[in-house]
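Notes follow the structure.
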Amino acid sequence: MTQQSGRKIGGPLLKVQGISLSFGGVKALSDVSFEIRQHEILAIIGPNGAGKSSMLNVINGFYHPQSGTVTYKGATRKQMQPHEAAEQGIARTFQNIALFKGMSTLDNIMSGRLLKMKVNFFLQALYWGPAQREEIAHREVVERIIDFLEIQAIRKTPVGKLPYGLQKRVELGRALAAEPDLLLLDEPMAGMNVEEKEDMCRFVLDVNEEFGTTIALIEHDMGVVMDISDRVVVLDYGRKIADGVPDEVRANKDVIDAYLGVSH
Amino acid sequence: MLYREAGQFKASYAADQAIFPIAQDRVLMAILLVVAAVVVPLTATQYLYTAILIPSLILALAAIGLNILTGYCGQVSLGTGGFMAVGAYTAYNLFIRVPELNLLLVLLAAGAMAALVGVIFGIPSLRIKGFYLAVATLAAQFFLDWVFARVPWLYNYSPSGSVGVPDLYVFGFPVITPTQRYLFILAIVALMALVAKNLVRSSVGRAWMAIRDMDIAAEIIGIRPLQTKLSAFAVSSFYAGVSGALWAFLHLKSWEPAAFDINRSFSLLFMIIIGGLGSILGSFIGAAFILLVPIFLNQVPPALGIPLSTATISHLEFMIFGALIIFFLIVEPHGLARLWQIGKEKLRLWPFPH
Amino acid sequence: MELQDLYFLIEVIIGGLMAGVLYSLVALGFVLIFKASGVFNFAQGAMVLFAALPVVRLIEWGVPVWAAIAAAAAIMIGLAFVIERTVLRPLVNQEGIILFMATLGVTFLLEGLAQQIWGSEVYRLDIGIPTDPLFLGEILVNGFDISVAVAAGLLVAALIAFFQTTKVGRALRAVADDHQAAQSVGIPLNHIWIIVWSIAGLVALIAGIVWGSKLGVQFAMTFVALKALPVLILGGFTSIPGAIVGGLIVGAGEKLSEVYLGPIIGGGLENWFAYMLAMVVLLFRPQGLFGEKIIERV
Ligand SMILES: Nc1ncnc2c1ncn2[C@@H]1O[C@H](COP(=O)(O)OP(=O)(O)OP(=O)(O)O)[C@@H](O)[C@H]1O
Ligand SMILES: [Mg+2]
């Protein structure tokens, strides 16, 4: 286990308490509580259908749980809208890539900065003075992200035409462009080969280290989880069955049962 | 070898973000503008103006509006004709009730009123998507059709239901002869096309496209869906409104509500599908294309000694448009504009195929 | 209220419901296709014209009624094959909105083609549906409307029986729920499309015959068919009972508004009444009166 230096894990940034969510008869989450601490990398793991993605969807306001609360930056609420979550500094990527397929890599990442762009509509219509200056200022930030993720060559390519691994990278880029306080990653390395996975791990660790971004990620690859996360939350059939540092969780009997009981 | 970008290094992001980053494109555009503004007025015939140039420019404007809503923001509308009517009748009522108002202000007001109506009919777009919304826009079309046919105040109690305007002036200059009308329209359309281009390459445009491509992902980056969709409805209807006012005032001169019925909406939608969804240039190409097909059918077969009855021509038109829509949606959803682009790419690489 | 007024009101409602049956018939075609292939088929109205024109013209040329109808049925099934091959297959996996626009293209193609082949005037169609007026107590009812209502009822019953009891019908329902599941039923998706479009074509044929008998076979049919769209919104896009009830609501509401509201705010209300009603419903119940609410997965 690598111990990151240069950052200090602080108090809770986000806390979910007693979250229960069901769709018709399907219980996706039952009474789940845990916290995400400032500057940490938290892994959420569990067998297929355990409710991991649903949990992220609750956190950033896509799904509205039937009961339970989310406390973020000290404010407790029962539900919020996704765009409110974004305004509060929560960014995320999706399990099934959710990029804007018709737009170029550059535009996709630029769109991640929409909330930071303030010039009014009429100046944009003229594309003049402040509007142009703002575009260029944000373009510079986006270019740094493009350099960081090493995707310079596909800047102008429509993302629909990119291979899967690169799309995942662009999606991470879009989330980073928002300069989030909390970054939610839903299976960022799924379907990647070893090399791509290593790159992605490096990006995640670098983001966490350099910008102090708090990260919650879902991952199936245990090796990766044990390597990069500070703490792990385990879900099974919509319940939380374990929560702790990787070594603890690895030794937990319920966790072992849950994983042995399910074929992959 | 003429169309080369070698040696043109983009030194700054500003240059890279220009509308025409490649010098040859800038030259081409400049030439096009000079031709449109200088050569055409020196050479065009009355027929060319009134049958082709004036109508295609005006309809291109409405098509740009629809393209913003449908091509960029992904909200299908079958109500553009209705929004054009709002523009036309707003302009008409301002004109007869406040005769001293400057024509440009009248056009502005026409656009603004259409934008307002567009926003009202766009409200359901928050909760419904795709073709559901298309049905809601049909509601706008039919309701507006009815309003302008049945509310006498709006057509100034004209017994026939048809209304008209006399010769027009702007800042004391006449806009009467085809050349004058053409130049006036050209100026407005060129300006508004530039504005549209600016919008779609700014953050508003990216928000629209984000909603189009994946609305849920748009929400997580902080886009407010309702506001964004309504802004597209507003801008789109503004363009339709100005276009409607121009169509009524400077093309038809006297008109009735049927000029803006559902067929107008359909043909505008066809313009952007064939011209290119999500392309300002495509809106122009599409408008010209849709206008030229019937003219072609009317003139070419008889010239070749194959006379066609008017019924046949109209049926052929239906079939050609229908088939082309299917063709483009399958083969090239970005329409003729994309084909033009591909042609350019080829030229850029020529004579080396790769 | 005077008794006379009450009778009049009932007659208006019945007249409206009868018109509503026609809307329901067209809406039914939409629902079938939407359920099985997720395509919003704007061309359903054009298909009504496309089916009715050959019937009326062939009868005019001396072909027996049954043969004319059989020929039209064959044409509609052929059309299903052509559409599957040239439109649906190339556009598989495209977004709904693209398919919707493609069916707009199909609409124009069919309208042009039908009129070019069969003619573009108004044709009277008489296949011998009984039309004697009927008195139910004091209330006058059009015999034709009764026949149509009965026929429509039989059609719906037949469709429901088909969906509930036959293997193909069950496969169609499965495909509506889940494309993968349908594949496991063992019927290729393409065949399912052809079957559904054929059924929708036959429903269009029936609607065309009924409608044509009442109002004449003509181009304007395609516009009246647009009325089926608000019906769908009211009824929900995936519900057969919804299509029926929605059609009846629209038919009755339209007539009532025309008779009682028309004199106050001006005639021609029926052109938009149904749409406005649908808009209001959309605002409060986006899934329609009968549709199910779904939460998008992400
Ligand atoms: N929008 C929805 N509508 C209905 N059911 C849903 C919805 N979203 C999730 N579910 C159900 O909730 C349960 C949990 O799903 P979820 O996607 O959260 O699991 P997961 O842990 O992310 O699984 P995986 O590892 O396969 O991604 C599943 O049974 C799923 O079918
Ligand atoms: Mg998941």
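So is B:L250 touching a Lys or Arg at 6+ places or on another chain (Cβ under 6 Å) and modelled with pLDDT of 95 or more or not?
Spelling it out, B:L250 is indeed touching a Lys or Arg at 6+ places or on another chain (Cβ under 6 Å) and modelled with pLDDT of 95 or more.
Check A:I45, A:I9, A:I41 and return the single one that is at pLDDT 90 or above, away from ligand 2 (no atom under 16 Å from the Cβ) and β-branched (V, I, T).
Just one listed residue meets the conditions, A:I41.
Take the residues of segment A:181-201 that are of a type in the set (A, V, I, L, M, F, W, C) and either without any contact (Cβ under 8 Å) to a residue 40 or more places away in the chain or within 13 Å of ligand 1 (Cβ to nearest atom) (or both): which is farthest from the other protein chains (Cβ to nearest Cβ)?
Among those residues, the one meeting the criterion is A:V194.
Return the total of residues in segment A:122-160 being more than 10 Å from every other protein chain (Cβ to nearest Cβ) and modelled with pLDDT under 90.
2
Scan (1) over 15 Å from the mean Cα position of the chain (by Cα); (2) part of a helix (DSSP H, G or I) for the single condition C:N93 breaks and write down its number.
Tallying (1) over 15 Å from the mean Cα position of the chain (by Cα); (2) part of a helix (DSSP H, G or I), C:N93 fails exactly one: (2).
Among the candidates A:A86, A:A91, which residue alone is within 21 Å of A:V233 (Cβ to Cβ), within 14 Å of chain B (Cβ to nearest Cβ) and away from ligand 1 (no atom under 16 Å from the Cβ)?
Step by step, each of A:A86, A:A91 is checked, and only A:A91 is within 21 Å of A:V233 (Cβ to Cβ), within 14 Å of chain B (Cβ to nearest Cβ) and away from ligand 1 (no atom under 16 Å from the Cβ).
Given the options B:V165, B:V135, name the one that is within 25 Å of the chain's Cα centre (by Cα) and at pLDDT 90 or above.
B:V165
Would a scan of segment A:72-82 turn up a residue that is in the same structural domain as A:H220 (by TED's automatic domain parsing), more than 17 Å from A:P12 (Cβ to Cβ), buried (at least 23 other Cβ atoms within 10 Å of the Cβ) and away from ligand 2 (no atom under 16 Å from the Cβ)?
Yes, segment A:72-82 has at least one match.
Listed here are the residues, each with its yes/no results for (1) over 16 Å from C:I199 (Cβ atoms); (2) loosely packed, with under 14 Cβ neighbours inside 10 Å; (3) more than 21 Å from the chain's Cα centre (by Cα).
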position: C:V106; (1), (2), (3): yes, no, no
position: C:V148; (1), (2), (3): yes, no, no
position: C:A157; (1), (2), (3): no, yes, no
position: C:F163; (1), (2), (3): no, no, no
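Got a sec? Which strands (runs of 3 or more DSSP E) wholly within segment A:51-113 have at least 1 residues that are charged (D, E, K, R) and at pLDDT 90 or above?
A:90-93
Does any residue of segment A:15-27 turn out to be over 25 Å from A:G244 (Cα atoms), in contact with a strand residue (DSSP E or B) (Cβ under 7 Å, 6 or more places away or on another chain) and within 16 Å of ligand 1 (Cβ to nearest atom)?
yes
Which numbered condition in (1) more than 13 Å from the chain's Cα centre (by Cα); (2) part of a helix (DSSP H, G or I); (3) within 12 Å of chain B (Cβ to nearest Cβ) is the only one that C:G267 fails?
Among (1) more than 13 Å from the chain's Cα centre (by Cα); (2) part of a helix (DSSP H, G or I); (3) within 12 Å of chain B (Cβ to nearest Cβ), the lone unmet condition for C:G267 is (2).
Mind checking which residues of segment A:28-58 are within 13 Å of ligand 1 (Cβ to nearest atom) and either among the basic types (K, R) or within 12 Å of chain C (Cβ to nearest Cβ) (or both)?
A:A28, A:K52, A:S53, A:S54, A:L56, A:N57, A:V58
Which residues, taken from segment B:178-221, are facing chain A (nearest Cβ under 7 Å) and aliphatic (A, V, I, L, M)?
Scanning segment B:178-221 gives B:V195, B:L199, B:V204, B:A207, B:M209, B:A210, B:M214, B:I216, B:A217, B:I220, B:I221.
Kindly indicate which of B:A234, B:A240, B:A248 is more than 17 Å from A:G61 (Cβ to Cβ) and within 12 Å of chain A (Cβ to nearest Cβ).
After ruling out the rest, the residue left standing is B:A234.
Report those helices (runs of 4 or more DSSP H) wholly inside segment B:12-99 carrying at least 1 residues which are buried (at least 24 other Cβ atoms within 10 Å of the Cβ), aromatic (F, W, Y) and in contact with a Leu (Cβ under 7 Å, 6 or more places away or on another chain).
B:80-97
Against the conditions (1) assigned to a helix (DSSP H, G or I); (2) more than 16 Å from ligand 2 (Cβ to nearest atom); (3) buried (at least 16 other Cβ atoms within 10 Å of the Cβ), where does A:I215 fall short? Just the number, please.
The one condition A:I215 does not meet is (1).
Determine which single condition C:L229 fails, assuming it passes every other condition in (1) among the aliphatic types (A, V, I, L, M); (2) part of a helix (DSSP H, G or I); (3) surrounded by fewer than 19 Cβ atoms within 10 Å (Cβ to Cβ).
Going through the list (1) among the aliphatic types (A, V, I, L, M); (2) part of a helix (DSSP H, G or I); (3) surrounded by fewer than 19 Cβ atoms within 10 Å (Cβ to Cβ), C:L229 breaks only (3).
Here are A:A153, A:A85: which of them is over 24 Å from A:A216 (Cα atoms) and away from ligand 2 (no atom under 16 Å from the Cβ)?
Selected residue: A:A153, the only one of A:A153, A:A85 that is over 24 Å from A:A216 (Cα atoms) and away from ligand 2 (no atom under 16 Å from the Cβ).
Within segment A:113-121, does at least one residue satisfy the condition of being in contact with a Phe, Trp or Tyr (Cβ under 9 Å, 6 or more places away or on another chain) and either more than 16 Å from ligand 1 (Cβ to nearest atom) or within 24 Å of A:I241 (Cα to Cα) (or both)?
no
Pairs please, first residue from segment B:294-314 and surrounded by 12 or more Cβ atoms within 10 Å (Cβ to Cβ), second anywhere and among the charged types (D, E, K, R), Cβ atoms under 9 Å, 6+ apart in sequence or on different chains.
B:P294/B:E317; B:L297/B:E317
Of the conditions (1) within 17 Å of A:A85 (Cβ to Cβ); (2) of a type in the set (K, R); (3) more than 7 Å from every other protein chain (Cβ to nearest Cβ), B:R224 clears all except one; give me its number.
(3)
Considering segment A:241-264 alone, what residues qualify as being crowded, with 21+ Cβ neighbours inside 10 Å and either within 16 Å of ligand 2 (Cβ to nearest atom) or farther than 25 Å from A:I59 by Cα (or both)?
Correct list: A:A258 only.
The values are calculated or read from the model by the stated rules, or taken from the named source; none is laboratory data. Since this is a predicted model, take the numbers as computed values, not measurements. Positions of Cβ are backbone-derived with ideal geometry, glycine not excepted, and every protein chain shown enters the neighbour counts.
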